[in-house]
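Step one of this worksheet: look at the structure below.
The values are calculated or read from the model by the stated rules, or taken from the named source; none is laboratory data. On a predicted model such as this, the values are computed, not experimentally measured, just so you know. Here Cβ is always computed from backbone atoms with ideal geometry, including for glycine, and neighbour counts include all displayed protein chains.
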Amino acid sequence: MNTNVFQRYWQIYGGFTALIKSPYLWISIAITALLFPHWSTTNWWDDVLSIMPNLLGFSLGGYAMWIAIGDDNFRKLISGEDEDGTASPYMEVNAAFVHFIVLQILSMLVALTAKAYSFPVSADNKIVLFFGEYYKFTCLVGYGFSYLLFIYALLSALAATLALLRVSSWYDTFHTHQKEIEVPATDNEQILKELQRISKNIENIANKK
């Protein structure tokens, strides 16, 4: 098991492959392009610094809700790596929330940095002379990337919410099976497969949206 916590999170999330394939990222790029008139000027960071702290509180509350869902038998069922090292559903949901929180923190840090360095610069400034005619373009690229991070963090709230819905569906299926039959230990693998099937269906519906 990887002892580096951040690397562990990134591995469970899926790395750059999952990031590039994420529909939330591509939707964020489209929204960022649409909102070009807003972030191409200064003071766009005020939106980030007013929205993100509240959203961070929501994410921490949702994470606490996720930890409280289910009983010991349910958590035992969805936790534990597979024999091939594949992360458990329990860790996949944790990684989704960690990803959500990391994006929020990064977007606030970037917005604070942009606000701190937003001041008039004379034409003979060393930075302006270094970048030359590309100075304004460089600033615009920085603004665009920062705002993209903000929009992506907002859409990740939807991903975290759907992760909670997915876990709730697992828990509902788990107790439905328990009501129908007395579940022996040998049926745990079958129930887990059913939970994963439901999870995949929910994700497909979310992606279509």
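Could you list, in sequence order, all residues of the stretch 146-173 that are under 29 Å from residue 109 (Cβ atoms) and free of Cβ contacts under 8 Å to residues at least 24 places away in the same chain?
Step one: of the stretch 146-173, the residues under 29 Å from residue 109 (Cβ atoms) are 146-164.
Result: no residue meets the conditions.
For the stretch 56-115, what are the residues that are more than 21 Å from residue 4 (Cα to Cα) and of a type in the set (Asp, Glu)?
Within the stretch 56-115, 71, 72 meet the criteria.
Out of (1) loosely packed, with under 11 Cβ neighbours inside 10 Å; (2) β-branched (Val, Ile, Thr); (3) within 19 Å of residue 142 (Cα to Cα), the odd one out for residue 105 is which?
Checking residue 105 against (1) loosely packed, with under 11 Cβ neighbours inside 10 Å; (2) β-branched (Val, Ile, Thr); (3) within 19 Å of residue 142 (Cα to Cα), the one that fails is (1).
Got a number for residues in the stretch 39-68 being closer than 29 Å to residue 172 by Cβ, surrounded by 15 or more Cβ atoms within 10 Å (Cβ to Cβ) and more than 16 Å from the chain's Cα centre (by Cα)?
Selection size over the stretch 39-68: 0.
Have a look at 163, 123, 159 and point out the one that is within 23 Å of residue 68 (Cβ to Cβ), modelled with pLDDT under 80 and of a type in the set (A, V, I, L, M, F, W, C).
Details: 123 fails: within 23 Å of residue 68 (Cβ to Cβ); 159 fails: modelled with pLDDT under 80.
Result: 163 is the single residue among 163, 123, 159 that is within 23 Å of residue 68 (Cβ to Cβ), modelled with pLDDT under 80 and of a type in the set (A, V, I, L, M, F, W, C).
Has the stretch 135-148 got any residue that is closer than 16 Å to residue 54 by Cα and at pLDDT 90 or above? Steps first, please.
Within the stretch 135-148, the subset closer than 16 Å to residue 54 by Cα is none.
No.
For the condition of a type outside the set (S, T, N, Q) and within 17 Å of residue 159 (Cα to Cα), what is the one hit in 35, 49, 19?
Only one candidate passes the filter, namely 19.
Restricted to the stretch 66-90, and to residues that are within 16 Å of residue 165 (Cα to Cα) and part of a loop (DSSP other than H, G, I, E, B), which residue is modelled with the lowest pLDDT?
70
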